[in-house]
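The values are calculated or read from the model by the stated rules, or taken from the named source; none is laboratory data. Here the structure is a predicted model, which is why all the values come from computation and not from measurement. Cβ sites come from the backbone with ideal geometry, for glycine too, and all protein chains shown count toward neighbours. Quick note on the areas: whole protein, heavy atoms, side chains included, nothing else; ligands and nucleic acids left out. Shrake-Rupley method; radii C 1.70, N 1.55, O 1.52, S 1.80 Å.
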There are 2 protein chains.
Amino acid sequence: MIIDCHGHYTTAPQAHSDWRHDQLTAFLAGTGTPHYPSISDEEIRDSVESHQLRLLRERGSDMTIFSPRASVMGHHEGDVATSTAWSRASNDLIARVVDLFPNVFVGVCQLPQSPGASLDAAITELRRCVDMGFVGLNLNPDPSGGHWTSPPLTDPYWFPLYEAMVELDVPAMVHVSASSNPAFHATGAHYLNADTTAFMQLLAGDLFGTFPGLRLVIPHGGGAVPYHWGRYRGLADMLGKPPLDTHLMRNVFFDTCVYHQAGIDLLVKVIGTDNILFGSEMVGAVRGIDPTTGHHFDDTRRYVEGADLAPAQREQIYAANALRVYPRLAAQLGL
Amino acid sequence: MIIDCHGHYTTAPQAHSDWRHDQLTAFLAGTGTPHYPSISDEEIRDSVESHQLRLLRERGSDMTIFSPRASVMGHHEGDVATSTAWSRASNDLIARVVDLFPNVFVGVCQLPQSPGASLDAAITELRRCVDMGFVGLNLNPDPSGGHWTSPPLTDPYWFPLYEAMVELDVPAMVHVSASSNPAFHATGAHYLNADTTAFMQLLAGDLFGTFPGLRLVIPHGGGAVPYHWGRYRGLADMLGKPPLDTHLMRNVFFDTCVYHQAGIDLLVKVIGTDNILFGSEMVGAVRGIDPTTGHHFDDTRRYVEGADLAPAQREQIYAANALRVYPRLAAQLGL
C-alpha cells in the first residue's frame, strides 16, 4: 500500500473559490457574508477524477491524506470569524471528497487561525473535523502570511491546541499559506523557510518533553534541514540539547516532497526511514515535467523507487510510518 | 592553493564590541557617540592567531576572504549614521588584520545599510573599502533583522549598489545579520532562510539580464536550494524563465558551508563545481566537534576531500572559482 501524506484540494470547484473572494470583499466592505453556493457531487467528482485521482492511479498510489489548498488558507486575511467560515467551508468540501471516494481520500483539516487570535476556534474546528472522520490537521506557524508575528511553536500560546491534538491522537502537518510579504515567493521561499524555521524552533525548545505524544510532520522534505543536518546536530550540541534522535526525532517526521533524485537520496540517507512519510504535494507547487527525466517533477514515487532502500524500508516510507503517525487512519483501515 | 571565501572576524577584541554597545546606548539616549577605543596591533594579532589563523593552518588552508562578524552587523539597530560609524570601525579593523597578515587575509566589507534608507552610504563605504584593498562586500537582503521589510534583490532600490559593484568588479556575499524576530533563530533559521529567499528572488526576476557582470555568492551552501534543485528547476519552468544554468548560474555561486559529508556530496553533484567556492564560516555558527567523525563540524575541507571529485574539480572549488569571482584578489596575487 502507498499512502501519500501530502495532497491538497488545489482543484476545488470555482464556485468555492469565488465564494472566498466574495466573503473577503464583504469583510472589507463591512457587509454581510454571502451565502455559500450549491456545489454538486458531480462537480466535486470531476474536479478530483481528472487531476488528483488520475495522477494517483497513474503513479500507483493507493490513498491520499487530503487537505484544503494550503496557499489559499489565507489566515492573514479577514479575522478569526472570516477564517472560521472559510475553514468550515473548505473542510466540508474535503469531507465530501472523502465521502465520494472513501477508499482513496482521508481528510486533514485547515484551521481557522488568525494573527494574534486565540486558538479556541481552531480547536473547535479540529474537534468538528475529527468527528467527521478527519485524521489530522494543518497547522500554520505564521498566520500573518510572511511577517512571522506569532510566537515560536514552543511557546505556551500553542499549548491548548497541542493538548487537543494529544487527546484526539492526531498529528499536525506544519504548513504555511500564501505569502503577503513581497520578499517571499510562496512555494519557492516561504514554504521551505517555514519548514526550516519550525524545525529550529523545536530544536531550541523542549516541546516534546512537555508533550511526548505530540507528532508533527514537516513537509517539503523538511525544508533545508536534512541538507544541513550537520549544522543542526552541531547547534543542538551548542545549545546544550540532547542529540536530535531523542530530542526531536521521536516526534518529528519529514515528507518526500523533494523533486529530484539527489534530494531524496540525501533525505533517506541522512534522516533514516523511520521518520519519512511518502508525499508528493500533488497537484501542487510544481506541475511541470522535468526535461532531464521526462517525468513530472512531483512524481516523487519514482525517486523513492530509485533510492538505495531495502524493500522493508520502502514500505515504511510508503505506508507503515503514515499509519503510525496517523493512528486514526490505521483504525479506519482496520490496521 | 586553498582560499576560504567565508570567514568572519568573530573574535574581534572586546573593546570593539564594547564600543558598539556604547554607541547604541548613546543613540537611544540621544547623546554623543563615544570615542572609538585604542586597540593595539598585539591585541588584533592575538585575537586572530589563536583562532582563525591556527585553525586555518591546522586545516591546511592558505587564505581567508575575511569580513566583519555578520551577526553583529545589526542593520536593524540605530540608523544609517550609526550603521555608517559601526561599518567604518568594523571594516577598519578588518583592514588592520589584513595589514598584519597580508598573505593570509583579504578584506570584504560590511555595509552601512539601514531599513528604508537609501544605499548612498553603503556605496560610499564600499568605495572607501575597495580603495583600501578590499575585494568584495557582504550585502544584507533584510536589514530589518528578520522582518523582511526591504524589496526583493531584483528591485531597482538595489540597482545603485549593483552599478557600483559592476564598476568596481567586486562580488557580494548575500548575508543577513542577527534576527530581531523571535520566530527566527539566527544561525539555525534566519541565515538559511535568507539564502533560500535570495535565490528565489533572483529566480523570479531577471537581474542578470540587467546586470550581466554582477556576481553574488549565496553562503551556507545556498540554504535549501541545492537540496530542492528539482523544485527550483520546475519553478523556473512554471514562471516562464530560462533554465537555471543560463538564467542564474553564470552569476550565482554557493559556498561549502554545509557541515556534513552527505550535504557536500549533494552540493557538488547537483550544482557542479563551476559554481562552488570553498568556505567554512570559521570561526562561526557551529563550533563543536561532530561525535560521529571526531572532527569539527565546520572543518569543511574534510568533506570536500571526501567528495567524489576529480583533482581539477577540487581545485576549482578551492581556488580557481574564488579567483574568478573575486578578480581583485587574483590581481593582488598576480594571478
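A few remarks follow.
- Magnitude of the charge dipole, the protein assembly as shown, Cβ model with Lys/Arg +1 and Asp/Glu -1, debye to 20: 580
- Partners for A:Lys269 among lysines (Cα-Cα distance below 20 Å; same-chain residues under 8 apart left out): B:Lys269
- For segment A:232-335, the mean projected area of the C-alpha convex hull, equal to one quarter of the hull surface, is 8.2 nm².
- Residue list for segment B:71-89, given a label point 7 angstrom along the Cα-to-Cβ vector of B:Asp99 and an amide N cut-off under 14 Å: B:89
- Considering only A:Pro160, A:Pro291, A:Pro171, the mean-square fluctuation computed in a Gaussian network model of chain A, springs between alpha carbons under 10 angstrom, is largest for A:Pro291.
- Förster radius 45 Å - calculated FRET efficiency between B:Glu42 and B:Met1, Cβ distance, rounded to 0.05: 0.95
- Cysteines without a disulfide-compatible partner [chain B; Cβ-Cβ under 4.7 Å]: B:Cys5, B:Cys257
- Between B and A, accessible area buried - total, square angstrom, nearest 100, 1.4 angstrom probe: 4200
- Two numbers describe the Cα atoms of the protein assembly as shown: Rg and Dmax, which are 25.3, 80 Å.
- Inter-copy separations for B:Asp155, label at 7 Å along Cα-Cβ, nm, ascending: 2.5
- Pairwise FRET efficiency - B:Glu315 versus B:Phe27, Cβ, R0 = 41 Å, nearest 0.05: 0.30
- A helix-only calculation puts chain A at -12000 deg cm²/dmol for mean residue ellipticity at 222 nm, using -39500 (n - 2.57) for each DSSP H run of at least four residues, averaged over all residues.
- Ordering A:Pro160, A:Leu335, A:Thr82 by Cα displacement along the dipole of chain A toward the positive end leaves A:Leu335 in first place; charges were set at the Cβ atoms of Lys, Arg (+1) and Asp, Glu (-1).
- Rounded to the nearest 20, the Cβ-based charge dipole of segment A:203-335 about its Cα centre (Lys and Arg +1, Asp and Glu -1) stands at 280 debye.
- Taking B:Thr149, B:Thr292, B:Thr197 in turn, the Gaussian network model of chain B (Cα-Cα springs below 10 Å) assigns the largest fluctuation to B:Thr292.
- Label point 7 Å beyond Cα along the C-beta direction, distances from B:Leu335 to other copies (nm, shortest first): 5.6
- Distance between segment A:1-63 and segment B:200-234 - C-alpha centres, whole angstrom: 33
- Sorted from closest to farthest, the other copies place their B:Glu305 label points 4.1 nm away, with each point set 7 Å from Cα along Cα→Cβ.
- Two-decimal Rg to Rh for segment A:97-234 - Kirkwood Rh, Cα set: 0.97
- Base-10 log of normalised Debye intensity for chain A (one unit scatterer per alpha-carbon) at q = 0.08, 0.13 Å⁻¹: -0.34, -0.96
- J(HN,Hα) series, segment B:276-285, from Karplus relation 6.51 cos²θ - 1.76 cosθ + 1.60, nearest Hz, glycine and proline x: 10, 10, 4, x, 10, 6, 9, 8, x, 5
- Length-normalised contact order for segment A:227-335 - Cα pairs under 8 Å, 6+ apart - percent: 25
- Charged side chains reduced to their Cβ positions (Lys and Arg at +1, Asp and Glu at -1) give chain A a dipole of some 440 debye around its Cα centre.
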